[in-house]
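Trainee: I'd like to ask some things about the structure below.
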Amino acid sequence: GIGGLSCAAMLAKYGYKVTVAEAHDRPGGSAHAFSRRVPGAGTFTFDSGPSLFSGCSSPSANPLRQVLDAVGEAPEWRTYDAWRMYIPEGTFDVRSGDEAAFRREMARLGGDQAASDWARLLEANAPLADLIAAVPPIALRGDLGAALTAGVPYAGKVDPVGALRMLLGGISPSGPFSAVLARAGVRQSSLVYRFFDFLAFALSGLPASDTSAAAVSFMIRELFEPGAVMDYPVGGSQAIADTLVRAVEKRGGRVLLKARAKQVRVEGGRCTGVWLADGSLLEAKLAVVLNMPTWDAAKLVPEDDPAARRALKPGSALDSSAPATPSFMHLHLGFRSDGLPPPEDLGIHHIAIRSWEEKLDARDNAVFVSVPSTLDPEAAPAGYHTLHAYLPATEPFEPWAGLQRSSPEYAQRKEERSQALWAGVEAFIPDIRERVVYQSVGSPLTHARYLNTHRGTYGPALRAGSEAFP
């Protein structure tokens, strides 16, 4: 994935000999693309992973941008400043880099109270936003090493008065963002609370009450900095993975594909290598980095080594009892663009929220849609668009467990469960079903199979302020 490739690229930069073992036939983890040729139309390239990026097309505190700057590589970025939400109150046009436009939309849909709530939230968030501006997120870590990476280098840039205001207000960077909303006096029924509850969910798969305040505050600063734009990599998220692979390989590192890890080798209480599924051994002189969900990493620990098994104790990095988020449903479409608005008006991102009365993680309540070909025309043949819609970590794995992918029952389940995705697309392209020339539905089983992840999960469901990564 992007995290593992970033780690490898940085290690290679600092002179370490690096080998990356990727189980899939292409790098990137969830950030990968695939192509399909349709007779009579041409070749469509589909994004299968993240498509919302910010702070990447120009120097910023975004950790990914800082890694790319450090290793001297970058994909080509296209920028835009607007995306659209379909919410119970109406159509919400979100514009980055223009706080006044956002305030007007809040007032239009949520009334004067929402505009007032937004002003108070900006004020309550300011001390935390200033702290984040002084200490880039890439310098933060969850152990005593933070004193060296964040404390010493940036102590002089932190406003002590602002930091004290933040703490006295009951706000902690590692605590939940709901504390910032509470400090601002924003009620849960306010459109402002609902929007930032959504933003927290989009970042972590968890509501504002369980999402790190630092993460949401960072995004507020990124979104509403004057002139801020959103970014999309030409070639999709696969282009970011390919960029990091170049950074590894140009410094002598290796990226192996179709190289599934089977077991770590433990000698004398330390990892000294990784056995692959084909029987070969990758030896490690310094370290083995397992960039995979904790449940899958735990399976690689040899059961006959007592020291290794102790690493599985509760609270450890390999604690397989950690709670997991649900999985995904995906819908990829290639479709005719005739009669639709031009790409700049159609827009790349659309998000449909069915109800605020239900939790955002309720099944089918939120649908995320991207149309990458509006910014990257090479993703689709002339006269067509590509589209990726998904249910964001809200699809439970249990109803899919035990189904055979070749069975009629599986095909029927996919057809039934894709209807919420179709409905999300129909919010802005009502006749989408008549336009389609290619369609593909992905399920939690697809997610688990291609991403090699436990039950197709998005990752650990760890609550800010009460749980943390070990």
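The values are calculated or read from the model by the stated rules, or taken from the named source; none is laboratory data. Model, not experiment: these values are computed from the prediction. Please note: Cβ atoms are built from the backbone with ideal geometry, for glycine as well, and neighbour counts cover all protein chains shown. Each accessible area value is taken on the protein alone, full model and side chains, heavy atoms only, with ligands, DNA and RNA left out. Shrake-Rupley method; radii C 1.70, N 1.55, O 1.52, S 1.80 Å.
Trainee: Looking for something touching a residue at least 60 places away in the same chain (Cβ under 8 Å), under 30 Å from Glu89 (Cβ atoms) and assigned to a loop (DSSP other than H, G, I, E, B) - is there at least one such residue anywhere in the range 280-296?
Mentor: Within the range 280-296 (the criterion being touching a residue at least 60 places away in the same chain (Cβ under 8 Å), under 30 Å from Glu89 (Cβ atoms) and assigned to a loop (DSSP other than H, G, I, E, B)), the answer is no, since none of the residues qualifies.
Trainee: On to the next question. Residue pairs, Cβ under 6 Å, 6 or more apart or interchain, first in the range 298-310 and part of a helix (DSSP H, G or I), second of a type in the set (Ser, Thr, Tyr). List them.
Mentor: From the range 298-310, the pairs are Ala298/Ser320.
Trainee: Read through the list (1) at pLDDT 90 or above; (2) polar (S, T, N, Q); (3) farther than 30 Å from Val229 by Cβ, then give the number of the only condition that Ser337 fails.
Mentor: Result: Ser337 passes all but (3).
Trainee: Related question: If you take the residues of the range 174-192 that are over 11 Å from Asn125 (Cβ atoms) and crowded, with 22+ Cβ neighbours inside 10 Å, which of them is farthest from the chain's Cα centre (by Cα)?
Mentor: Per the criteria, the residue is Ser190.
Trainee: Also: Of all the residues that make up the range 87-123, how many are in a helix (DSSP H, G or I), among the polar types (S, T, N, Q) and surrounded by fewer than 17 Cβ atoms within 10 Å (Cβ to Cβ)?
Mentor: In the first step, residues of the range 87-123 are kept if they are in a helix (DSSP H, G or I); the result is 99-123.
Next cut, among the polar types (S, T, N, Q) only: 113, 116.
Next, from what is left, pick out any that are surrounded by fewer than 17 Cβ atoms within 10 Å (Cβ to Cβ): 113.
Result for the range 87-123: 1.
Trainee: Is it the case that Ala70 is open to solvent by less than 40 Å² (accessible area, probe 1.4 Å) and out of contact with any strand residue (DSSP E or B) (no Cβ under 8 Å at 6 or more places or on another chain)?
Mentor: So Ala70 fits the description; yes.
Trainee: When you go through (1) part of a helix (DSSP H, G or I); (2) open to solvent by less than 30 Å² (accessible area, probe 1.4 Å); (3) of a type outside the set (Gly, Ala, Ser); (4) under 22 Å from Pro75 (Cβ atoms) one by one for Phe201, which number turns out not to apply?
Mentor: Unmet condition: (4).
Trainee: Shifting gears a bit: For the range 238-262, enumerate the residues that are surrounded by fewer than 17 Cβ atoms within 10 Å (Cβ to Cβ) and not in a helix (DSSP H, G or I).
Mentor: The answer is Lys250, Gly252, Arg254, Leu256, Leu257, Lys258, Arg260, Lys262.
Trainee: Within the range 424-463, can you find the residues that are in a loop (DSSP other than H, G, I, E, B) and over 21 Å from Ile348 (Cα atoms)? Write out each step before concluding.
Mentor: Taking the range 424-463 as the starting set, the residues that turn out to be in a loop (DSSP other than H, G, I, E, B) are 427-431, 443, 452-453, 457-459, 461-463.
Residues satisfying the conditions are Ser443, Asn452, Thr453, Thr457, Tyr458, Gly459, Ala461, Leu462, Arg463.
Trainee: Write out, first by first residue and then by second, each pair whose Cβ atoms fall under 8 Å of each other, whose residues are 6+ apart or on separate chains, and whose first residue, in the range 43-61, is closer than 15 Å to Asp376 by Cβ and in contact (Cβ under 8 Å) with a residue 24 or more places away in the chain while the second is open to solvent by less than 10 Å² (accessible area, probe 1.4 Å) and among the acidic types (Asp, Glu).
Mentor: Phe53/Asp231; Cys56/Asp231; Ser57/Asp231
Trainee: Tell me, which residue of the range 110-130 that is touching a residue at least 24 places away in the same chain (Cβ under 8 Å) and among the acidic types (Asp, Glu) is nearest to Gly90 (Cα to Cα)?
Mentor: If we take residues in the range 110-130 being touching a residue at least 24 places away in the same chain (Cβ under 8 Å) and among the acidic types (Asp, Glu), then Asp117 is nearest to Gly90 (Cα to Cα).
Trainee: Output the residues belonging to the range 313-324 that are of a type in the set (A, V, I, L, M, F, W, C) and at pLDDT 75 or above.
Mentor: Residues of the range 313-324 that are of a type in the set (A, V, I, L, M, F, W, C), as a first pass: 317-318, 322, 324.
Within the range 313-324, Leu318, Ala322, Ala324 meet the criteria.
Trainee: Another question about this same structure. Just wondering, is there one or more residues in the range 412-432 that are at pLDDT 95 or above, within 14 Å of Ser48 (Cα to Cα), in contact with a His (Cβ under 8 Å, 6 or more places away or on another chain) and among the small types (Gly, Ala, Ser)?
Mentor: no
Trainee: Looking at the range 311-325, which of its residues are open to solvent by 20 Å² or more (accessible area, probe 1.4 Å) and either closer than 22 Å to Ser418 by Cβ or not in a loop (DSSP other than H, G, I, E, B) (or both)?
Mentor: Ala324
Trainee: Additional query: Given the conditions (1) over 19 Å from the mean Cα position of the chain (by Cα); (2) at positive phi; (3) of a type in the set (Gly, Ala, Ser), report the number of the one that Ala423 does not fulfil.
Mentor: (2)
Trainee: Ser321 versus (1) touching a residue at least 40 places away in the same chain (Cβ under 8 Å); (2) polar (S, T, N, Q); (3) farther than 25 Å from Thr43 by Cβ: which is the lone unmet condition?
Mentor: The failed condition is (1).
Trainee: To continue, here is another question. Report yes if Asp159 is of a type in the set (Asp, Glu), at pLDDT below 70, touching a Leu at 6+ places or on another chain (Cβ under 9 Å) and open to solvent by 40 Å² or more (accessible area, probe 1.4 Å), otherwise no. Quick ask: steps written out before the conclusion?
Mentor: Working: of a type in the set (Asp, Glu): yes; at pLDDT below 70: yes; touching a Leu at 6+ places or on another chain (Cβ under 9 Å): yes; open to solvent by 40 Å² or more (accessible area, probe 1.4 Å): yes.
Judged against the criteria, Asp159 is a match.
Trainee: Also, quick follow-up: If you scan the range 291-308, which residues turn out to be open to solvent by 60 Å² or more (accessible area, probe 1.4 Å) and within 15 Å of Glu267 (Cβ to Cβ)?
Mentor: Quick first cut of the range 291-308, residues open to solvent by 60 Å² or more (accessible area, probe 1.4 Å) only: 291-292, 299, 303-304, 306.
Within the range 291-308, Asp304, Pro306 qualify.
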